[in-house]
Ligand code: SF4
């Protein structure tokens, strides 16, 4: 403590030195402070920031995709189907579940929650959707599945064979799921389904040479997805 | 360790460098941009299955077919129904905004009983049973005094099963006092009665006309069935038909017409009669019709003799040659038609003389019941209920004269004269008044007097879905479903040439504890009991509707409308029906003095005239938020309504653009903003209808002024209709 006071004193006594930047004792500390600042901000940026940015939410109850996939004939589309008008139904509604889940099946607690809290009360399950794109994006599933013949897993990964739902991480600023930016905070990806950002769409559109203009506006580029 | 400024700076630089090498800035920038492009507070419709349900719009008399786009259970958009004979896929701005009426904050959610003073806004929610019992008790009380005529009801119109149910209730109850709100259709109906001796309505075969002479009709401002007329206007453009707009102000219609004749306000009849004079004088009339099927041509000639183009020139301000020129062009066109009804034609639109003069023009050119002309369309006759059994009290009550005098004496041509009753207080005010689907406290002229008379009525019941001015001043409110929640027949008149019945069907569950008005009437009759209950034997309104529309029901359910596309008006044949051109009451009507606006010209040197705009709803329905946003700032600036005034007049009265002044008339005054506009005639001030609400929500209430508070009513001596088209006025400094 006292040595610090000394230094302060010295500093005030030799202002010219300070201004000229020729202080003899400052050098190593300056580097040290640089390093402290550097490391601290790296820690904040890489470790703390992602933790603060996303809030963890759990789904209303757990769901086993693998189990269901084994029971159905038509793969993912058995439940995530296309409506007659070509629009994509997305997450199933009670209506699709109710045939089998009128009564509690098996022992699982999640099943009991589902049947008692939702089926019995005719309340739709408020699922949190990992892959929901921002509202400003126009994304037709039909064009990708039927037109481009993409597989579900190209964008959604191996969800179909998962046995439980991962926690939903919500971006506190945008309100959208972490899965859009991707798990990797730096934005690196190794699989096509690791991120769902605009660049990822653009990458595929670029390689496949998609310049189909928007039906509504008749224009290319941004307007293909942003109407 | 020495912490000096350099160390601190170095810490910051290190921090900056580290931050730049971390994902934080890039990720934050990205998130913020996503956030700004998707403001979380912007409402976004839920995702879900999208589909359409069809129904009929009842927000104006137009009767358009609409389809409502829904996402799961939520209605998200209204569009015009493509196959509908009235609007063929079109929809107007009011129709488009209908969902805001369904979901908006002004809905009344449950029956209400007034607990504070009238108009104070203190209500107590009551159950339907309590509310109906209270009303039934009141009605029984009045009846027990042997004066059933002291109960009255006021509706927008008497059309359809709901109108008929109310009328039936009044009949079994014993009151002749069934009132409807004024409309230009009243004048047409009276004119048909006088000329052809029939009860029918007038339709116009607009699409096939090749020369349209419009006496002030706001064809592009919401006249008739608005979307249909818009479409007809496109047809006229395609077919190179001529549209001549006769109107003192350059309205949208005038601006888009082929020719605009700016005449002095109120001189329509003079012009029409002078044109008739020219047509007769130059032998341009269609003699096959006039000689073949008209009566008393000589009488008409005598009357017309006074109406020379020179006389009209003085009245209208047009040169006599102009009068002659257009009379000749009109008569020489192959399918001409003359139209009457100022603005939207949904207010009492002037004297019967004006309507009659325009109708005579149609007769002279043989446009009556001819392609492209004015058609006589029979009233809908699908409601064929058996006459109810009346008891002693009812029979006696029905014998007594109507409180408004309509239908007898000099008011014979009229069927309802609510303005006489509520505005001028001419008749005996009722003890119980039931008001449905109209807002008389807002939309009747001479607003102040109407309110005073209204206050004298001991018991007022409103069936409104919205807390409008009338509901706010009622004693009891029994809210009905809005149109998107109810089942009902919508027989369309509004100048359609062919009969069309639309089916209004629920596209969504009722949002609040409201009921269908038909059910309310049936339940009320049951509560009144005795002969009233006996006259309403239907299980419920739906049963009544299905039974009534029996043979048309399947079509209605399947297509959403019933349409007689083959309809043609009765052809004129020898020995059958004649068109009377003059004589008797007709002479009286044609020779009545022209209506002069009230007020002393010395004190009030200007004339104030209200105008209609397609962007301002001015009757039962008030402007929803979407629509009020579309009102330009030359009409409403901030909270001030703009009074349109000619620059020359403004100079004379030393007012300038944007200045705030008092607009004073013999019946009221209001603060207005001056807007200089070459489009209006010198000496005439224009203020729009549809503003100045005190009720409804923050989007509408308190904006501008209600022009009805500044306009008086003037009784047409020949019919009793309110004929005031304007009033004397002056401007003063605030
Ligand atoms: S014109 Fe009238 S009926 Fe037609 S959509 Fe507009 S408000 Fe509705």
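Every read-out reported here was derived from the displayed coordinates using simple, explicitly stated rules and does not represent laboratory data. Because the structure is a prediction, the values reported are computed rather than measured. Every residue, glycine as well, gets a Cβ built from its backbone with ideal geometry; the counts of neighbours run over all protein chains shown.
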Here the Kirkwood hydrodynamic radius of the range B:378-474, Cα-based and in Å, equals 15.4
Nearest-0.05 FRET efficiency for residue A:146 and residue B:83 at R0 = 30 Å, using Cβ-Cβ distance, is 0.50
Taking only C-alpha pairs under 8 Å that are 6+ residues apart, what is the relative contact order of chain B in percent? 17
Peptide ranges B:144-153, B:386-395 listed from the most packed, as the mean C-beta count within 10 angstrom indicates: B:144-153, B:386-395
Rounded to whole Å and sorted largest first, what semi-axes of the equivalent ellipsoid does the C-alpha gyration tensor of the range A:73-227 yield via the square root of 5 times each eigenvalue? 31, 19, 15
Take residue A:136 and residue A:88, extend 7 Å from each Cα along the Cα→Cβ direction, and tell me the distance between the two endpoints in nm. 2.1
With label points set 7 Å from each Cα along the Cα-to-Cβ direction at residue B:122 and residue B:237, the distance between them in nm comes to 5.7
What is the angle, in °, between the Cα long axis of helix B:447-456 and the longest principal axis of the Cα atoms in chain B? Nearest 10 is fine, range 0 to 90. 90
In peptide A:87-99, how many Cβ atoms from other protein chains are near each Cβ within 10 Å, on average? 1
Mind checking the angle between helix B:226-238 and chain B's longest principal axis? C-alpha axes, 0 to 90 degrees, to the nearest 10. 80
Can you pull the mean other chain C-beta count within 10 Å for peptide B:44-52? 3
Report the relative contact order of the range B:156-267, percent, no decimals, based on alpha-carbon pairs under 8 angstrom and at least 6 residues apart. 17
Using only the Cα atoms of the range B:57-196, build the gyration tensor, take square roots of its eigenvalues as a ≥ b ≥ c, and label the shape rounded, prolate or oblate: rounded if a/c is under 1.5, else prolate if a/b is larger than b/c, else oblate. oblate
Overall form of the range B:201-320 per C-alpha gyration tensor (a/c, 1.5; a/b vs b/c): oblate
Give me the angle, in degrees from 0 to 90, between the Cα long axis of helix B:184-196 and the longest principal axis of the Cα atoms of chain B, rounded to the nearest 10. 20
Along the Cα-to-C-beta direction of residue B:400, a point sits 7 Å from the Cα; which residues of the range B:104-141 have their amide N less than 11 Å from that point? none
Taking R0 as 25 Å, what FRET efficiency do you get between residue B:44 and residue A:128 from their Cβ-Cβ distance, rounded to the nearest 0.05? 0.90
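Percent relative contact order of the range A:128-224, based on C-alpha pairs within less than 8 angstrom and at least six residues apart?
23
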Dividing the surface of the Cα convex hull of chain B by four yields a projected area in nm² of 41.6
Once residue B:5 and residue B:379 are pulled to full extension, the length gained, defined as 0.36 nm per residue separation minus their Cα-Cα distance, is 125.2 nm
Roughly speaking, what is the stretch gain from residue B:328 to residue B:678, that is 0.36 nm per residue apart minus the C-alpha to C-alpha distance, in nm to one decimal? 123.1 nm
One finds the C-alpha centres of the range B:703-724 and the range B:236-311 to be spaced, in Å, by 25
Is it possible to state the helix-based mean residue ellipticity at 222 nm for chain B, with each DSSP H run of 4+ residues giving -39500 (n - 2.57), the sum divided by total residues, to the nearest 500 deg cm²/dmol? What is it? -9500 deg cm²/dmol
Post the alpha-carbon centroid distance, the range B:582-625 to the range B:160-204, in whole angstrom. 22
Compute the length gained on full extension between residue B:594 and residue B:137: take 0.36 nm times their separation in residues and subtract their Cα-Cα distance, giving the result in nm to one decimal. 159.8 nm
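Can you give the FRET efficiency to the nearest 0.05 for residue A:191 and residue B:109, using r as the Cβ-Cβ distance and R₀ = 45 Å?
Between residue A:191 and residue B:109 the formula returns 0.25.
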Per the C-alpha gyration tensor (a ≥ b ≥ c, the square roots of its eigenvalues), the protein assembly as shown is rounded if a/c is under 1.5, else prolate if a/b beats b/c, else oblate; here it's prolate
Label-point separation (nm) for residue A:154 and residue B:74, each offset 7 Å from Cα along Cα-to-Cβ? 3.1
